[in-house]
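The values are calculated or read from the model by the stated rules, or taken from the named source; none is laboratory data. Just so it is clear, the model here is predicted, and its values are computed rather than measured. Glycine gets a Cβ as well: all are built from the backbone with ideal geometry, and neighbour counts include every protein chain shown. In case anyone asks, the SASA skips ligands and DNA or RNA and just uses the protein heavy atoms, side chains included. Shrake-Rupley method; radii C 1.70, N 1.55, O 1.52, S 1.80 Å.
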2 protein chains.
Amino acid sequence: MEQNTEQWLADMLQLMEGDDSKKTEKQLKIIQAATEIFSEKGYSAASTSEIAQRAGVAEGTIFRHYKTKKDLLLSIVGPILAKTVAPLFMRDFAKLLDQPYTQIEDFYRAVLRDRLDFARKNAKILRIVIQELPFQPELLAQVKILFSEHVFARISRIYAHFQAQGQIMEAPSFRVLRFSVTTIVGMVLTHAILMPEISIDDEEEINWTIDALLHGIGKRS
Amino acid sequence: MEQNTEQWLADMLQLMEGDDSKKTEKQLKIIQAATEIFSEKGYSAASTSEIAQRAGVAEGTIFRHYKTKKDLLLSIVGPILAKTVAPLFMRDFAKLLDQPYTQIEDFYRAVLRDRLDFARKNAKILRIVIQELPFQPELLAQVKILFSEHVFARISRIYAHFQAQGQIMEAPSFRVLRFSVTTIVGMVLTHAILMPEISIDDEEEINWTIDALLHGIGKRS
DNA sequence: TTGTAAAGTGAGTAATCACTCATTTTCGTG
DNA sequence: CACGAAAATGAGTGATTACTCACTTTACAA
């Protein structure tokens, strides 16, 4: 399964790719407007007429390119899914782990820095994903497969790697996994989606978060 | 400000209270049906006719009790807000901190146990809150005031307390606060809302989470 | 039992919705 | 320029929406 994963991800990215080159100027405007309005008002509360208006196109133009409103949503949300977890499957990423003495701090630093930037750059789309995922059963099923088949296995191997190196405590991997994923996602979502208006020193926040994740907030002995 | 807070919370809870005693049987049915449908399909995608149908009442009956559909939403979502952070302001809670040698582990254990149960019991309503809060400006403003005026100050004092006792590390309180709130919320949301179908040993998960929060997931020296 | 206010009803309404389609405009190519 | 195809248009459509209101039923105190 693990050999297939890299190919699978390539397909996934290809399949999900926006493929901007083949898109009309007006089509790009539509996607841009729809992204804004979906993230502002939610999918259901957004109307195709308003999207058309903000995009500066006729309403019919939307339906030339997308059969339904849901098609439009999926064309926005779909491409982001694979990209969100893509770094896990990149060659650069594997190399980092192949180096036998990679410090786990450096590993976390790279992940947090990269995903924080990613989340900030795609904040609007991520908001849409978070909002609409619970109400889109097909998409939800797809994501669940993505995680249970690929992401979970990948992260488990990463922790096995660092555990074997004696860099993290010995504990059931699903607990370590749950805790650190919560920490990473919590930190990224807090600063990129929930409270983007609070300005922070990224490097400091990242370093502090890693320190707390590895050594806790209790009094150091 | 701090003296007013207790009174303020009493008012808040009173004001927000469902006050079930004064409600008609059909009105309770409406709230129950609306809660289900809102959490299943989202506020905008839910129709009043479907709510009426599931509640077993005429559509007009809904509008006897609630001027608008949004009124119905707020009557469901409103009462939960104060309750979510209520424990912070309870007398029992203050007592726990007045005892000079309360272990921070015991403190976290009480908080996690209590809020995990709360989130499970109110999972549907909490889902609605999470989904709709970004799209309800008045409600969002209310929540922001709630946190910046009361919750933030309260939690800061708690950490000052434990910091003075030497039970947690010395670091900018906003960082400790952000990290531990993320940890608590992340753990509760994961098991109560995101993945309620995964059965866990609550006590074990709570204890392990507290241990990781205080001492990290790094190798123990 | 009777009077009355509150609770409940459901057909009706104007507005809005996603989507269609006949027509026009734009664009790439020979 | 000429021409065929793709892109874009916007008025039109049936369905659905939140909400109203004239009316009926229920609950309860006198």
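Residue by residue through the range B:42-58, note down the ones that are part of a helix (DSSP H, G or I) and among the polar types (S, T, N, Q). Across the range B:42-58, the qualifying residues are B:T48, B:S49, B:Q53. Of the helices (runs of 4 or more DSSP H) entirely within the range A:137-221, those holding at least 2 residues that are among the aliphatic types (A, V, I, L, M) and under 25 Å from A:T102 (Cα atoms) occupy A:152-164, A:173-189, A:202-215. Applying the selection to the range A:49-96, what residues are among the hydroxyl-bearing types (S, T, Y) and within 16 Å of DNA strand C (Cβ to nearest atom)? Those that are among the hydroxyl-bearing types (S, T, Y) and within 16 Å of DNA strand C (Cβ to nearest atom): A:S49, A:T61, A:Y66, A:T68, A:S75.
Can you name the residue in the range A:130-163 that is open to solvent by 20 Å² or more (accessible area, probe 1.4 Å) and hydroxyl-bearing (S, T, Y) and is also farthest from the other protein chains (Cβ to nearest Cβ) among such residues? Among those that are open to solvent by 20 Å² or more (accessible area, probe 1.4 Å) and hydroxyl-bearing (S, T, Y), it is A:S156.
Applying the criterion of at least 3 residues that are away from DNA strand D (no atom under 15 Å from the Cβ) and surrounded by 15 or more Cβ atoms within 10 Å (Cβ to Cβ) to the helices (runs of 4 or more DSSP H) found wholly in the range B:59-129 leaves B:69-85, B:104-121. Of the residues that make up the range A:38-49, is at least one farther than 28 Å from B:A46 by Cα and open to solvent by less than 40 Å² (accessible area, probe 1.4 Å)? No: zero hits.
Being surrounded by 17 or more Cβ atoms within 10 Å (Cβ to Cβ), without any contact (Cβ under 8 Å) to a residue 40 or more places away in the chain and within 15 Å of DNA strand D (Cβ to nearest atom) is a description that applies to B:K29. Residue count for the range A:168-202 satisfying the condition of being of a type in the set (D, E) and in contact (Cβ under 8 Å) with a residue 24 or more places away in the chain: 1.
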